[in-house]
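The structure appears right after this line, and notes come after that.
The values are calculated or read from the model by the stated rules, or taken from the named source; none is laboratory data. These numbers come from a predicted model, not from an experiment. Positions of Cβ are backbone-derived with ideal geometry, glycine not excepted, and every protein chain shown enters the neighbour counts.
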Amino acid sequence: MLSSTLKRISLPSTCSRIQKQVNHLITLADLSKAQIHRLLMNAAQHKYNVKYEDKPSSKPLEGKSVALIFSKRSTRTRVASETATAYLGGHPMFLGSQDIQMGVNESLLDTSVVVSSMVSGIMARVGAHEEILELAKNSTVPVVNALTDKYHPTQILADLLTLHEVYSKNHTDSKAPYSAHVVHPEKTLPGLKVAWIGDANNILHSMMVTLPKLGLHLSAATPSKYHPDDDVLNIAKKEAAKSNTELVFTSSPLEAINGADVIVTDTWVSMGQEAEKAQRLKEFSGYQVTMDMIKQGNANKDWKFLHCLPRKPEEVDDEVFYSQNSLVFQEAENRKWTILAVFEALFANGKFES
Ligand code: CP
Ligand code: NVA
């Protein structure tokens, strides 16, 4: 990789790299519980303003540009980022892998210095997690992780907002169609049991560093060959000990589902793993989420289903995916409101509030 050969070079001061502290969103492990709550409340407020009040945005990004560097395909993250930037009054500049020099003719370091000198924020979807760290290290503006092979932080914010919306209905007497902006997530999220069935991938990693911190229980079933990364496991264990929540890893989907309020899965073949597809399909046999699995596993009566999408039928059948219990399309829309809250915090205000 071009970037690694240049990693230790000190840049000339004429490059005007500002020495001030720049805040980024690389993983939700770096945010406090209060900061995550604040993002969820702000996201819910924006959703309410737009969908139920028709209230215009204050356009905090007016006159500013946001670079959307995407080395991999995207539907939700791209549409959410472009529409969120436009709503905040800014100009979203999509830079796909065919558009810019990064990784082909130019290092990540040089790309980061150059792009960040002209924009107010960078949203970047890259391959290896080290690549987002390299972009962030050399950027003079905040960088948001739009997915790496290790973490997908903005996805988990959308998942949490979706659950918060569903369960906030139990915490208000009002018959109003939307209540997530007036109920605190501390009332809705703690105590929920989330069951993960599938690969130990970027989505599970992101849940591991976030759910225990917010007081949710997490039980993950993966084939025994597929483990989460050790450093992620250590963070999750510490958070679970602090919040006194359950954190269980098993190879039995039925064990993971027992008593679950929420069942989650994702593709067995993440972007970049296409060469392993045939082997993975074999090794994940028995992990498809079905009604039968959910019944046999004894999920809670009102169980919900989440999937970050895009979905392939092998990991979850149509009956579950399109069921009344499935929240997948609400979850997809919530990518926009949560990314909007992140961009407002970092690209307009420069920091996360708590
Ligand atoms: N969930 C998600 O990140 O979807 P995209 O890959 O379409 O952005
Ligand atoms: N685990 C998937 C998530 C896609 C949003 C991937 O990395 O491809």
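Would you check if Ala86 is among the hydrophobic types (A, V, I, L, M, F, W, C), within 14 Å of ligand 2 (Cβ to nearest atom) and either touching a residue at least 12 places away in the same chain (Cβ under 8 Å) or within 26 Å of Ala332 (Cα to Cα) (or both)? I'd like the intermediate steps shown before the answer.
Values: among the hydrophobic types (A, V, I, L, M, F, W, C): yes; within 14 Å of ligand 2 (Cβ to nearest atom): no; either touching a residue at least 12 places away in the same chain (Cβ under 8 Å) or within 26 Å of Ala332 (Cα to Cα) (or both): yes.
Against the criterion (among the hydrophobic types (A, V, I, L, M, F, W, C), within 14 Å of ligand 2 (Cβ to nearest atom) and either touching a residue at least 12 places away in the same chain (Cβ under 8 Å) or within 26 Å of Ala332 (Cα to Cα) (or both)), Ala86 does not qualify.
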(message) Give me the residue from the range 307-329 that is surrounded by 15 or more Cβ atoms within 10 Å (Cβ to Cβ) and in a helix (DSSP H, G or I) and, out of that set, nearest to ligand 2 (Cβ to nearest atom).
(response) Val328
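Can you find even one residue in the range 63-71 that is of a type outside the set (Val, Ile, Thr), away from ligand 1 (no atom under 16 Å from the Cβ) and surrounded by fewer than 15 Cβ atoms within 10 Å (Cβ to Cβ)? Spell out how you get there, then give the answer.
Taking the range 63-71 and keeping what is of a type outside the set (Val, Ile, Thr), we get 63-65, 67-68, 70-71.
Going one step further and asking which of them are away from ligand 1 (no atom under 16 Å from the Cβ), we end up with 63-65, 67.
With surrounded by fewer than 15 Cβ atoms within 10 Å (Cβ to Cβ) added as a condition, the list becomes 63.
Scanning the range 63-71, I find at least one residue that is of a type outside the set (Val, Ile, Thr), away from ligand 1 (no atom under 16 Å from the Cβ) and surrounded by fewer than 15 Cβ atoms within 10 Å (Cβ to Cβ), so the answer is yes.
Hey, can you tell me all the residues within the range 168-214 that are over 30 Å from Glu283 (Cα atoms), of a type in the set (Phe, Trp, Tyr) and crowded, with 21+ Cβ neighbours inside 10 Å?
Across the range 168-214, there are no qualifying residues.
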(message) Going by what's in this entry, would Ala158 be described as within 16 Å of ligand 2 (Cβ to nearest atom), buried (at least 24 other Cβ atoms within 10 Å of the Cβ) and within 16 Å of the chain's Cα centre (by Cα)?
(response) yes
(request) Select, from Lys301, Lys351, Lys277, the only residue that is assigned to a helix (DSSP H, G or I) and either within 25 Å of His164 (Cα to Cα) or among the basic types (Lys, Arg) (or both). (result) Lys277
(request) Report yes if some residue within the range 134-145 is crowded, with 24+ Cβ neighbours inside 10 Å, more than 16 Å from ligand 2 (Cβ to nearest atom) and free of Cβ contacts under 8 Å to residues at least 40 places away in the same chain; otherwise report no. (result) no
(request) Give the residue that is farthest from the chain's Cα centre (by Cα), with candidates limited to residues of the range 105-132 that are more than 16 Å from ligand 2 (Cβ to nearest atom) and farther than 23 Å from Thr85 by Cα. (result) Asn105
(message) Under 6 Å between Cβ atoms, which residue pairs at least 6 apart in sequence (or on different chains) link something in the range 321-334 that is without any contact (Cβ under 8 Å) to a residue 24 or more places away in the chain with a partner that is part of a loop (DSSP other than H, G, I, E, B)?
(response) Asn325/Trp303
(request) Kindly indicate whether any position in the range 337-346 is within 16 Å of ligand 2 (Cβ to nearest atom), at pLDDT 95 or above, over 20 Å from Ala200 (Cα atoms) and in contact with a helix residue (DSSP H, G or I) (Cβ under 9 Å, 6 or more places away or on another chain). (result) yes
(message) Criterion first (among the small types (Gly, Ala, Ser) and within 16 Å of ligand 2 (Cβ to nearest atom)) does Ala256 satisfy it?
(response) no
(message) Need the failing condition index for Leu109 against (1) touching a residue at least 60 places away in the same chain (Cβ under 8 Å); (2) closer than 30 Å to Asp199 by Cβ, just the number.
(response) (2)
(message) Condition check: in a loop (DSSP other than H, G, I, E, B) and more than 19 Å from Asn202 (Cβ to Cβ). Does Thr140 satisfy that?
(response) yes
(request) Among the residues of the range 242-268, write down those that are surrounded by fewer than 21 Cβ atoms within 10 Å (Cβ to Cβ) and among the aliphatic types (A, V, I, L, M). (result) Leu247, Val248, Leu254
